[in-house]
Amino acid sequence: MPRQRTLKIVEIFPSVQGEGLRQGEPMIFVRLGGCNLRCSFCDTKYAWLGGRDLERSEILDEIQRVRRRFPAEWVCLTGGEPLMQNVRPLVLALKKAFLKIQVETNGTIFKPLPVDWLTVSPKPKDYACDPRFRRPADEVKLIVTRGLALSTVQKLRAEFPSETTLFLQAESNAPWSVAKALRLQRRALFHGLSNIRVSAQLHKIFRLP
Ligand code: SF4
């Protein structure tokens, strides 16, 4: 029998979704190792190089082990950048297990996947995003860094369908970033941009993993 392909997994843990429209949803997070970007504000730098090689069956076993004490319906594939790896077989196996799947991606590597929720979070400095993400994205998340300009918000607002919510998420809930997010939102209103929300990271407020 050919050897099952493995995925580099940094951690699998239960928590609640701290960001975006699914904020507060109980979820099991599967953090995949590796990222093609190197954002200075990244709060998961430990995922850039880390990770154990796990076979799909080992990942599923671990998820089911976690679910015995935290029977969440949702599994979130995050990173790092989860789409750097071939996650399709894992996604299909999770679907077969009747779990709902969220993927959080920086939007640079497109893969069509039958997931239930797709979060696209373009990153500086060019906020590049594969155009094939525009339709399937369920939400867009922008980290409000010191360098984020209104022109970037305008550009991304124009690229994604107007019904797709665009979040201005304060960088690590820092007060200066919250203030900037509110300023940007107000300026966006004056420029006629709609469906733009400010947001914070709930898991950091609640001190969850
Ligand atoms: S894309 Fe995400 S995981 Fe990758 S470096 Fe940037 S913030 Fe970190």
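The values are calculated or read from the model by the stated rules, or taken from the named source; none is laboratory data. Predicted model only: the values in this text are computed from it and were never measured. We place every Cβ from the backbone using ideal geometry, glycine too, and count neighbours over all the protein chains shown.
Kindly indicate the residue of segment 130-149 that is within 19 Å of Val87 (Cα to Cα) and either within 15 Å of the ligand (Cβ to nearest atom) or among the basic types (Lys, Arg) (or both) and also surrounded by the fewest Cβ atoms within 10 Å (Cβ to Cβ) among those meeting that condition. Filtering segment 130-149 for residues that are within 19 Å of Val87 (Cα to Cα) and either within 15 Å of the ligand (Cβ to nearest atom) or among the basic types (Lys, Arg) (or both), the one surrounded by the fewest Cβ atoms within 10 Å (Cβ to Cβ) comes out as Arg132.
Out of all the residues in segment 32-49, is one or more closer than 18 Å to Leu202 by Cα, more than 16 Å from the ligand (Cβ to nearest atom) and either assigned to a strand (DSSP E or B) or among the β-branched types (Val, Ile, Thr) (or both)? It would help to see each step written out before you state the result.
As a first pass, look at segment 32-49 and keep what is closer than 18 Å to Leu202 by Cα: 41-44.
Next, only the ones that are more than 16 Å from the ligand (Cβ to nearest atom) stay: none.
Looking through segment 32-49, none of the residues is closer than 18 Å to Leu202 by Cα, more than 16 Å from the ligand (Cβ to nearest atom) and either assigned to a strand (DSSP E or B) or among the β-branched types (Val, Ile, Thr) (or both).
Within segment 140-209, which helices (runs of 4 or more DSSP H) (wholly inside it) include 2 or more residues that are under 20 Å from Cys76 (Cβ atoms)? Walk me through how you get there before you give the answer.
Working: elements: 150-159, 175-190, 202-205.
Those helices (runs of 4 or more DSSP H) span 202-205.
Only residues that are touching a residue at least 40 places away in the same chain (Cβ under 8 Å) and in contact with a Pro (Cβ under 8 Å, 6 or more places away or on another chain): list them for segment 74-93, please. If the condition is that a residue be touching a residue at least 40 places away in the same chain (Cβ under 8 Å) and in contact with a Pro (Cβ under 8 Å, 6 or more places away or on another chain), then Trp74 is the only one that fits. Scanning segment 50-78 for residues that are within 16 Å of the ligand (Cβ to nearest atom) and not in a strand (DSSP E or B), which turns out modelled with the highest pLDDT? The selected residue is Gly51.
Contact map, segment 94-108: residues that are under 20 Å from Pro122 (Cα atoms) and in contact (Cβ under 8 Å) with a residue 60 or more places away in the chain paired with residues that are assigned to a loop (DSSP other than H, G, I, E, B) and among the hydroxyl-bearing types (Ser, Thr, Tyr), Cβ distance under 6 Å, separation 6+ or inter-chain. Pairs shown: Asn106/Ser121. The set of residues in segment 79-98 that are outside any helix (DSSP H, G or I) and more than 12 Å from Pro114 (Cβ to Cβ) comprises Gly79, Gly80, Glu81, Gln85, Asn86, Ala97, Phe98. Taking the criterion of being surrounded by 12 or more Cβ atoms within 10 Å (Cβ to Cβ) and more than 18 Å from His203 (Cβ to Cβ), the residues of segment 169-185 that qualify are Ala179, Lys180, Leu182, Arg183, Leu184, Gln185.
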